[in-house]
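The values are calculated or read from the model by the stated rules, or taken from the named source; none is laboratory data. Every value quoted in this text rests on a predicted model; they were computed, and no experiment measured them. Virtual Cβ from ideal backbone geometry, glycine too; neighbours counted across all protein chains shown. Calculation scope for accessible area: heavy atoms of the full protein, side chains included, ligands and nucleic acids excluded. Shrake-Rupley method; radii C 1.70, N 1.55, O 1.52, S 1.80 Å.
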Amino acid sequence: MSNPITNNPDVRMRGFTSRALVEDVLAWVDDNAHRLSTDPIELADACGRILAEDVIAEHDVPPFDRASMDGYAVQGNATDGAGDYNPLEFRLLGESLPGSAFAGELESGTAIRIMTGAPVPSGADAVVPAEYATESNGVVRITTAVSPGKHVGRIGEDVQTGSVLLHAGRRLRPQDLGVLASVGAPTVNVVRRPSVRVIITGDELVLPGETLGADCIFESNSFVLRSLIQRDGGRLESMRRVKDDRDSITKAMCDTGADVVLVSGGSSVGAEDHAPSILREVGNLAIHGVAMRPSSPVGMGRVGEAMIFLLPGNPVSCLCAYDFFAGRAIRLRGGRSSDWPYPRIAATVERKIVSAIGRVDYCRVLLNEGRVIPLSTSGASILTSTTRADGFVIVPAASEGFAIGANVEVLLYDSPSA
């Protein structure tokens, strides 16, 4: 790292003497967010999960030549010259149905009644659609010519044995499950979903529905984090609400059972901000303080194999720190891409976006006919700035912002079609 925080001094009531660069923090996340182990699950439960390994087809699909139309199986060359004014007659030998193939062999001048998906009989190489044939007294009259192979799905046409059906890292879609079922796979190996613990700290916090006492506020971060964890493929291990005391926070942070632990609140420089010093004592506080706005007091480290993220209590800071760092770790540990999970569009700045050299800015913006307007209210505690915004623009540390007319990338909170 070019600007690491190595000593991690106790900054309570002192403030940060230096802050880590966002690029260095992202590198730490990537280096530590190791992919979790494989989890074999039933195919019916696999939608949305991440493949842990390539899937190799063990069967051909289809496993036999089959009809792709309802009609009559014939030898294609024997239909040459057939037409409305020159119907050709074929002796009907029997029929082939899905799951019940015709047992004999087709000869020249004969036909087999066949249904879509049924095995093409031995000796036949084409199917005449039913609308070009009439059947009477054991004879089929055909009024169109079909070339060999016409309306026949060949063995292995869809999937060939030994081919790579799906690649590792793929997020399974409904149609993927259908393909896996078509080759007879009852289970599939996926990456285990990261188990995420959320710890909410703050003596002033009460849950919605509870009585709001003097000097108290309703707690909101848990509702945001729960949804973000689900979005990023994590599994909520537990939601723990603790008081601002060291013993309660220490126990919640150190209990086993979580791959990632998110601590909301108590990450800054106040006298009651215990989380950084606890993490330094019980594990490793790798980073505390990042050159960004909001979310400057974010911290992170490890306790054993668990990654610990100390998220600021201010709602926008909490969201921002999660999206930049904790969400990235959850996605990586679950085998997903580290990239932002937001759709992006290019737009032009209508009103200047102001920043400062040396820090990354998370600027909430409105869109007006493809033009970007930064929100005038963007404080770390103003959560409604994220509900009024259409998305956000990331201002890099090397920039003082974006001038009017500049082209920028906007990350959208909703997809354009939502």
note = trypsin sites (Lys or Arg not before Pro) in region 319-418 lying in a DSSP loop, each with at most 14 other Cβ atoms within 10 Å of its Cβ, come to Lys352
inquiry  = Can you return the aspartates and glutamates within cross-link range of Lys243? Criterion is Cα-Cα under 17 Å, with same-chain partners fewer than 8 residues away left out.
reply    = Asp203, Glu204, Glu210, Asp215, Glu219, Asp255, Glu272, Asp273
ask   = Quick one: if the Förster radius is 22 Å, what FRET efficiency do Thr387 and Phe218 give, using the C-beta to C-beta distance and rounding to 0.05?
value = 0.90
message = I need the phi-derived Karplus couplings for region 20-27: 6.51 cos²θ - 1.76 cosθ + 1.60, θ = phi - 60°, integer Hz, Gly and Pro marked x.
response = 6, 6, 4, 4, 6, 5, 4, 5
inquiry  = If you roll a 1.4 angstrom probe over the protein chains with everything in place, what fraction of the accessible area of the chain belongs to carbon and sulfur, to the nearest %?
reply    = 49 percent
note = A correct Karplus calculation of ³J(HN,Hα) over region 115-128, with 6.51 cos²θ - 1.76 cosθ + 1.60, θ = phi - 60°, whole Hz and x for Gly and Pro, returns 10, 3, x, 7, x, 6, x, 4, x, 8, 9, 7, 10, 8
query = Once Rh is set to the Kirkwood radius over Cα pairs, what Stokes-Einstein translational diffusion coefficient, in µm²/s, holds for region 75-229 at a temperature of 37 °C and a viscosity of 0.692 mPa s?
reply = 152 µm²/s
note = The computed P(r) of region 342-396 puts the percent of Cα pairs beyond 14 Å at 52 percent
Cβ-derived FRET efficiency at R0 22 Å, Asp39 paired with Tyr342, nearest 0.05 = 0.20
key: Counted charge near Thr211, where neighbours are those whose Cβ lies closer than 14 Å (Asp, Glu -1; Lys, Arg +1)   = -4
key: Residue with peak Gaussian network fluctuation, the chain [Cα springs, cutoff 10 Å], from Ala389, Ala258, Ala73   = Ala73
key: Distant-in-sequence amide H partners of Ile114 (H built 1.01 Å from N, under 5 Å)   = Gly71, Tyr72, Ala73, Ser96
message = For the chain, set up a GNM with springs between Cα atoms under 10 Å and report which of Gly123, Gly299, Gly169 has the largest fluctuation.
response = Gly123
Estimated Rh, region 129-195: Kirkwood, alpha-carbon pairs, angstrom = 16.5 Å
message = For the ranges 130-138, 307-315, what's the packing order if you count other beta-carbon atoms within 10 Å of each residue, average per peptide, and put the highest first?
response = 307-315, 130-138
note = Computed, not fitted: 222 nm per-residue ellipticity of the chain from DSSP H runs ≥ 4 (each -39500 (n - 2.57)), nearest 500, equal to -4500 deg cm²/dmol
query = Semi-axes, largest first, in whole Å: what does sqrt of 5 times each Cα gyration tensor eigenvalue give for region 301-416?
reply = 27, 16, 14
ask   = In whole angstrom, how long is each semi-axis of the equivalent ellipsoid of region 203-291, when you take the square root of 5 times every eigenvalue of its Cα gyration tensor and sort them from largest down?
value = 22, 19, 13
query = At what distance in angstrom do the alpha carbon centres of region 316-375 and region 217-278 lie from each other?
reply = 23 Å
Region 23-91: GluC sites (Glu not before Pro) in DSSP coil with no more than 13 other Cβ atoms inside 10 Å = Glu58
task = For region 160-264, give the magnitude of the charge dipole about the Cα centre (Cβ charges: +1 Lys/Arg, -1 Asp/Glu; no others), in debye to the nearest 20.
result = 720 debye
Selected from Thr201, Thr256, Thr144 as most flexible by GNM, with the chain as the system and alpha-carbon contacts under 10 Å = Thr144
task = Rounded to the nearest Å, what's the spacing between the alpha carbon centres of region 37-53 and region 162-198? Just the number, please.
result = 5 Å
request  = Tell me which residues come under 5 Å, amide H to amide H, from Asp361 once H is placed; ignore anything under 5 positions away on its chain.
outcome  = Arg293, Val395
ask   = Summing Lys, Arg as +1 and Asp, Glu as -1, what charge do residues with Cβ under 12 Å from the Cβ of Arg333 carry, Arg333 excluded?
value = +3
key: Summed residue charge, Cβ within 13 Å of Pro63's Cβ, Lys/Arg positive, Asp/Glu negative   = -3
Calculated P(r) tail over 20 Å for region 65-127, as whole % of Cα pairs = 19 percent
ask   = What value does the chain have for Rg/Rh, both radii from Cα atoms and Rh as Kirkwood defines it?
value = 1.22
remark   = Amide H proximity to Ala126 below 5 Å, modelled H, separation 5+ or other chain, gives Val74, Gly76, Gly149
remark   = Under the Karplus relation with 6.51, -1.76 and 1.60 and θ = phi - 60°, whole-Hz ³J(HN,Hα) for region 361-367, x at Gly and Pro, equal 10, 9, 9, 6, 9, 9, 10
query = Which whole-number percent is the relative contact order of region 257-311 (Cα, under 8 Å, 6+ apart)?
reply = 42 percent
query = For His59 and Arg171, what does the FRET efficiency come to when R0 = 30 Å and r is the distance between their Cβ atoms, rounded to the nearest 0.05?
reply = 0.80
